[in-house]
């Protein structure tokens, strides 16, 4: 058949002619370019503008970030001698500070172990086909206590004061604790807001609207300056604990609103049917309403998680050393003084990766749980 | 309670047990009991908080410090203020600065957000992907980081006042801010401003009248162009006819810095741009979702009726999309206002930094100051959400 094209046109029986390839301009990359970049005059103008924009941005950025950059230098001055681009030397010299903050060097294995356990728990919880998943899930319940013991110490381990925590470790601690606690609290608040009992309902509305009306920064100020006035005399609360409580309360108010949206989307007939079956309030919520409501509100829930995770950077205003705090400390160091762009970009990359992964997992979950009719 | 316990206790206190369990099993009384318990718990909680506060405070709760001199300087003041002014005055300066950055942020974020949303829907693969990358980067990085990054870039990459960038006639861009000529209107200038306001009023009334005429007769007036003419063209012509009745106070380099004119400080610029660029990414996604929510059949039906593409967009697609867009947009506006409190990190003196920051530290009156700050933010939130609710009610679907 292949040789036939070069020789005289062969004879085919009726209907036996092999398919000809599509015309050159209507297939492959040419077609793609014509359809996606040059389909109309506006489109052509947009393409030209976009290409010009990229041409202006990309080469300069690439040479600054990679080509002219210095990756191995002990100080900003050394960087200036070695290259004209970005100065990434601080990463090599300070990554331990960025990761652990001021956690004692000889105890850092505990943080690493806790982190590995966390990764293990996440794998068990998120990967449905994980072997021994049923048994291992029990481990997930015990994880918070084990992690607390490992990181804070006590019971045979040297205890580490929480003001030594810092860096990415602190972000993860605030983020994970906040996420784990704000979801159940948010569910309770959302149910409370939908409740038939007026006092409970208005208490929940008051709490949610108050928290949503003020910025997190003011709540953190309350945690750091005011809270001690409202506790019995001589009762001391750890600052990190106070911050965790505030961040959790803050996120749970937003979570409650997201879940309320989901609850409102569940048809009333579902609750009525559950009542008719003789299910008690908590049974009907647990078995009928919440599974449907939570499924609908997954995107909102994950958005709140991401928001909480990003908001954990605000702790620098009350003097804690999360990655941004370490970045500022780095910039205050005489050997790294100067343009702050590289240092902040480094922290930005960390946040981008973790938040992007969360968002992608939420998309996957949405698609998996989308049991309705898809168009 | 379950039947088992009732049977077990029957011998000891049968009547009472029955009574309690009957109360508990009755839906109405049970809800009353739960509420009484909740109320009592809340009451006890707040009472203990107040009791502790009274015990811990060795001084009285008072706002007298508001009248005392603040003794600190503020770098951006739109009303008169110096370090001898009172804490109350400092609070006003802070409030105005917060409202200024929130308002500017809302305007810029809305414009950028709508542009991003449209780009994200564009059929052009390249612009679509550029918008996507931008939105993903911005949304997944904390706002505080954006603010610090932008502030750092502005302060470090802009030139010192000595070799300032002359961006326009009399306007200089330096790392101390953007220095611009300050208009000093002569008395006759107020006539131009009056014309401008009259133009807005006229455009508003004309729009109503044109709509009425269209409803009655079907005649369509070019409302947009006539409004533009009334609001912009007429005052501009009047401005030139009257011989440009404005004197300019241009900034001049004296010593190490510019004097005179007005200045937009790098703190304000960093905060404003960061807030707008960050929120624009969220608004872009909201706009995209809103436009996608209008079913394609609507556009097709409109086209089938022979309505032009521009009118289809104006009369069919946008009104329906707005219904989906406005509620989440309102919460983004609230977010901008609340996030403007991050100004603290770069030294822009908003209400959190003045009364909730320096005043608090100087006077030590934590409870009083934080109550003011929280109350103010609650007030701002309330005002914005009232306005957006009003707007939402105006545009929402009128059903039977």
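General observations
- Computed over chain A with a Gaussian network model linking Cα atoms closer than 10 Å, the most mobile of A:43, A:303, A:77 is A:43.
- FRET efficiency for the residue B:79 to residue B:204 pair, using the beta carbon distance and R₀ = 30 Å, is estimated at 0.50.
- On Cα atoms only, tilt of B:366-395 relative to the major axis of chain B in degrees: 70
- Between residue B:186 and residue B:25, the contour length at 0.36 nm per residue exceeds the Cα-Cα span by 49.9 nm.
- Selected from B:326, B:141, B:192 as most flexible by GNM, with chain B as the system and alpha-carbon contacts under 10 Å: B:192
- Distance cut-off 33 Å, percentage of C-alpha pairs in the protein assembly as shown lying past it: 65
- The range B:41-154: proportion of alpha-carbon pairs further apart than 25 angstrom, %: 58
- With the convex hull of its Cα atoms as the shape, chain B has an orientation-averaged projected area of 34.4 nm².
- Global form of the range A:200-343, assessed from the alpha-carbon gyration tensor, a/c cut-off 1.5: prolate
- Alpha-carbon centroids, the range A:1-80 and the range A:225-241: separation in whole Å: 62
- Whether the range B:182-249 is rounded, prolate or oblate, judged on the alpha carbon gyration tensor where a/c under 1.5 counts as rounded: prolate
- Gyration tensor verdict on the range A:103-212 (Cα atoms; rounded if a/c is under 1.5, prolate if a/b is larger than b/c, oblate otherwise): oblate
- Placing a pseudo-label 7 Å from each Cα along the Cα-to-Cβ vector at residue A:318 and residue B:309 gives an inter-label distance of 5.5 nm.
- Summarising the strand pairing of the protein assembly as shown, around 90 percent of its internal DSSP beta bridges are antiparallel.
- Compared with the dominant principal axis of the Cα atoms in chain B, helix B:14-25 is inclined by about 20°.
- Taken over the C-alpha atoms, the range A:25-67 has Rg and Dmax values of 14.0, 40 angstrom.
- Applying D = kT/(6 pi eta Rh) to chain A, where Rh is the Kirkwood radius over alpha-carbon pairs, T corresponds to 25 °C and eta to 0.890 mPa s, the Stokes-Einstein value obtained is 95 µm²/s.
- The range B:91-124 versus the range B:189-241: alpha-carbon centroid distance in Å: 26
- Computing FRET efficiency as 1/(1 + (r/R0)^6) for residue B:391 and residue B:44, where r is the C-beta to C-beta distance and R0 is 30 Å, gives about 0.10.
- Spatial separation of Cα centroids for the range A:136-153 and the range B:332-367, in angstrom: 38
- Under the simplified labelling scheme, the residue A:349-residue B:121 pair shows an inter-label distance of 3.7 nm, with each label point 7 Å from Cα along Cα→Cβ.
- Label-to-label distance, residue B:18 versus residue B:289, with points set 7 angstrom from Cα along the beta-carbon direction: 5.7 nm.
- For B:125-134, mean number of other protein chain Cβ atoms within 10 Å: 4
- Dimensions in Å of the range A:272-375 - Rg and Dmax from alpha carbons: 21.8, 72
- Sorted peptide list for A:67-76, B:284-293, A:311-320, B:35-44, criterion being average Cβ within 10 angstrom, highest first: A:311-320, B:284-293, A:67-76, B:35-44
- Chain A: most fluctuating residue of A:200, A:187, A:208 per GNM, C-alpha cutoff 10 Å: A:200
- Convex hull volume per residue in cubic angstrom - Cα atoms of the range B:272-365: 99
- Neighbouring partner chain Cβ atoms per residue of B:144-151, average, 10 Å criterion: 6
Taken together, the values in this text are just the output of simple stated rules run on the coordinates, not laboratory data. The structure displayed is predicted, hence computed values, not measured ones. Counting neighbours? That spans all protein chains shown, and the Cβs are built from the backbone with ideal geometry, glycine included.
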